[in-house]
1. Using the Cβ atoms and a cut-off under 12 Å, what net charge is assigned to the surroundings of L308, where Lys and Arg are +1 and Asp and Glu are -1?
2. In whole percent, what relative contact order does segment 5-126 give with Cα contacts below 8 Å and a gap of six or more residues?
3. Which residues' amide hydrogens lie under 5 Å from the amide hydrogen of D232, considering only partners 5 or more residues apart or on another chain, with H built in the peptide plane?
4. Using DSSP, restrict attention to beta bridges with both residues in segment 11-162 and report what percent are antiparallel, rounded to the nearest 5.
5. If I model a spin label as a point 7 Å beyond the Cα along the Cα-Cβ vector, how far apart are those points for V71 and L235 in nm?
6. Return the percentage of antiparallel bridges among DSSP beta bridges fully within the chain, rounded to the nearest 5 %.
7. Going by average Cβ density within 10 Å per residue, which order do the peptides 256-269, 358-371 take, highest to lowest?
8. Any idea what the dipole of the chain comes to, in debye rounded to 20, about its Cα centre with Lys/Arg Cβ at +1 and Asp/Glu Cβ at -1?
Amino acid sequence: MKDFVIENATLVLPDRVQHGWLAVVDGRIAEIGEGRAPERGLDLGGDHLIPGLIELHTDHLESHYAPRPKVRWHPLGAVLAYDSQIAASGITTVFDSLRAGSDPDGSGLGPELDALAQAIDTARQGDLLRAEHRTHLRCELPSDDVISTVETFAARYTIDLISLMDHTPGQRQFRDIGKYETYATRGGRSLDEIRKATAWKIEKGRALNAVNRPALVALAQAKGIPLASHDDTTLGDVDLASGEGVALAEFPTTREAAEAAHGRGITVMMGAPNLLRGGSHSGNVAAQDLAEAGFLDILSSDYVPASLAMAAFVIPERVAGIGLPEAIATVTANPARATGLTDRGELRPGLRADLARVRLAAGIPVMREVWRAGLRVV
């Protein structure tokens, strides 16, 4: 692996921003300095140099695989297109969010989960991927087959994060039934079809959840897999998650739940699109409100990969008291820490040289070059 120096860069360090240089040796950051570099290297012309972004929750792979209702793309082709978009967004470590558990309304991957997992594995073994890919299983609790699906998956593949999700209408993210129906019609189903499925979910969901949630918690604990709780809304939701050893609160829907999670030492993650849009598309708590209150730890791109860098650069403009180093940490150091990745996430000697060169154009961060472990991938 070729060693190199990056010079004339605006370095976003953990505690400050400075003009300087950075040296890479054997895929790791060897040295960082201020001012002029001791030797000539790649001249960034003053562009920002930040750590490679770390994405814990993105649904974007499924949109490449299933771009239209009842349409399925070539699994490997979908993975490679998705990986290219991820890397071009400055993301060097991505937790691919794959849904486990079938919904009665026909949504979710069902048995097709394995097709995507195999494609990711094929691409990884063939050294075809730009970013490092890890697996985040999004487990639908009100599902007849979620436990068997996760057990089968775990026997074949490594799981790096499990989220406990309950999208039963009438609670959590979809406590407003009207907003749920608006969301569900995107799949091309009629309102009558949606309402029939909704009735089944409400009737059966609670019983399935009561069985599946403790089983998944036990499985994760036995295998040492970090747990996330999805869409916590009430203090009761947070109490449940805290008792289960949940490490990550994914998209809490109320300020009350976010504050309680933060107070219990549970890392709070919100969507970057929420922050950029100024609010939640489901009418839930705004990410900016949580940032202003000090309850926001991590941002996720959710459904728009490019939103991750955009939101990180916007936070200092919108939230008093949060500088660029702290904002960049929400998409680098903090997600690394939450998932036990101690070798990346900061510009610091000894860490892996996951780097992104960012140029601001009309206030929008544009990824000019990206390196993973010292190898240029964009």
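The values are calculated or read from the model by the stated rules, or taken from the named source; none is laboratory data. Please read these numbers as outputs of a predicted model, since none were measured by experiment. Cβ coordinates were reconstructed from backbone atoms using ideal geometry, including for glycine residues, and neighbour counts include every protein chain displayed. Ligands, DNA and RNA are stripped out before the accessible areas are found, and what is left, the full protein with its side chains, is counted by its heavy atoms. Shrake-Rupley method; radii C 1.70, N 1.55, O 1.52, S 1.80 Å.
1. Every neighbour counted, the sum reads -2.
2. Numbers: 175 pairs, mean separation 24.6, N = 122.
Value for segment 5-126: 20 percent.
3. Here the answer is E250, T253, since their amide H atoms fall under 5 Å of that of D232.
4. Beta bridges within segment 11-162, antiparallel portion: roughly 35 percent.
5. It is 4.9 nm.
6. Working: 27 of 61 bridges.
The answer is about 45 percent antiparallel.
7. Values: 256-269: 20.9, 358-371: 16.1.
Packing proxy ranking, top to bottom: 256-269, 358-371.
8. Value, rounded to 20: 520 debye.
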